[in-house]
Amino acid sequence: MRRYLLNRVWQSAVTLVLATIVVFAGVRALPGDPALALAGEDRDPESLRAIREQYGLDQSWLVQFWQFVSHAARGDLGQSIRTGTPVRSMIASALPVTIELSVLAILIASVIGVGAGVVAAVRRGRPAEWAANALALLGLSVPHFWLGLMAILYLSVALGLFPASGFVPFFTDPVANLHHLVLPAVILGTGLAAVIMRQTRSSMLDALSADYIRTAEAKGLPPKAVVGKHALRNSLIVVVTVVGLQLGALISGAVVTERIFALPGFGKLTVDAVFQRDYPVIQAVVLVTATAYIVINLLVDLLYSVIDPRIRVRGEA
């Protein structure tokens, strides 16, 4: 287990270094001169030179990269060139909103998706499977922005069941916090629930046709034990993969949902930074997103070894 863990940590560290290089080079490759955008109407050569010197834009890419990495390693992500606010504080205020929304969406999608997938596999060829497949197709086909607008129109405006927009911090009022996030989380989790359902159904069908399942049935185990203890556990590897990858995607991809429900999350921060050409903020949000992907994939790899010890043994071989 120790060797397996060290191998995965080493691979993650190398990936993080490569991601840092790509982030830095990608931001510098954006068209346009940020000094011109910062200068506004005052674009004389002296003002542009002062701006480039102030933000280190007159340095070589190698020097800028070293400064970026050395400061980021100390937790200093720079300051917004638009507002002068430390980027770390901007991320610290926006990221928890998106993480809470993403985790809540993952939980809702996992409960619905795994449950529907198990039912569809066990009830294969019956109305329950047809209904689950129809709902999965609907969840994959309907765009989030349309579903979100319809939910606001009918559930918030017409019926008044949920707030139409806004956010309340969890530690300020936990009940109000969940009340504001339930509807966006359900909207965000619909497509993911459909994906989890299809993957769970496919994995369960493979597991239910395996020899060890027939052996368990021949030994007289009750159907619930066969499905829950044997078939479902061996089907969870695919589900864990989907959930892990989707959690990283939700952290960076909840922009539309956050915009519709006016949530001050990571997606809004990213879009605003891109439109304002705020280089330090863009670098920081992309770096945090890449780091989140890498850490989540590392945790998923470690969880594989818990679900199926054979993977740990193969990794140490």
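No value in this document is a laboratory result; all are computed from the given coordinates. All values reported here derive from a predicted model rather than from experimental measurement. We place every Cβ from the backbone using ideal geometry, glycine too, and count neighbours over all the protein chains shown.
Relative contact order of the chain: 27 percent, from C-alpha pairs under 8 Å at least 6 residues apart in sequence. Here's the thing: no lysines lie within a cross-link span of Lys268, going by alpha-carbon distance under 28 Å and ignoring same-chain residues fewer than 8 apart. About the centre of its Cα atoms, the chain shows a dipole size close to 1520 debye [charges on the beta carbon of Lys, Arg (+1) and Asp, Glu (-1) only; nearest 20 debye]. Computed over all pairs of different Cα atoms, the Kirkwood value for the hydrodynamic radius of segment 88-276 is 18.0 Å. Considering all alpha-carbon pairs of the chain, what whole percent are spaced by more than 38 angstrom? That tail contains 30 percent of the Cα-Cα pairs. Averaging the sequence gap over all C-alpha pairs within less than 8 Å and six or more residues apart, then dividing by the number of residues, gives segment 88-276 a relative contact order of 35 percent. With K and R counted +1 and D and E -1, the other residues having a Cβ less than 11 Å from that of Arg88 yield a net charge of 0. Seen from Gly78, the other residues with C-beta closer than 11 Å to its C-beta sum to a net charge of -1, counting Lys and Arg as +1 and Asp and Glu as -1. Helix 279-307 versus the longest principal axis of the chain: what is the Cα-based angle in degrees, 0 to 90, to the nearest 10? Between helix and principal axis, roughly 20 degrees.
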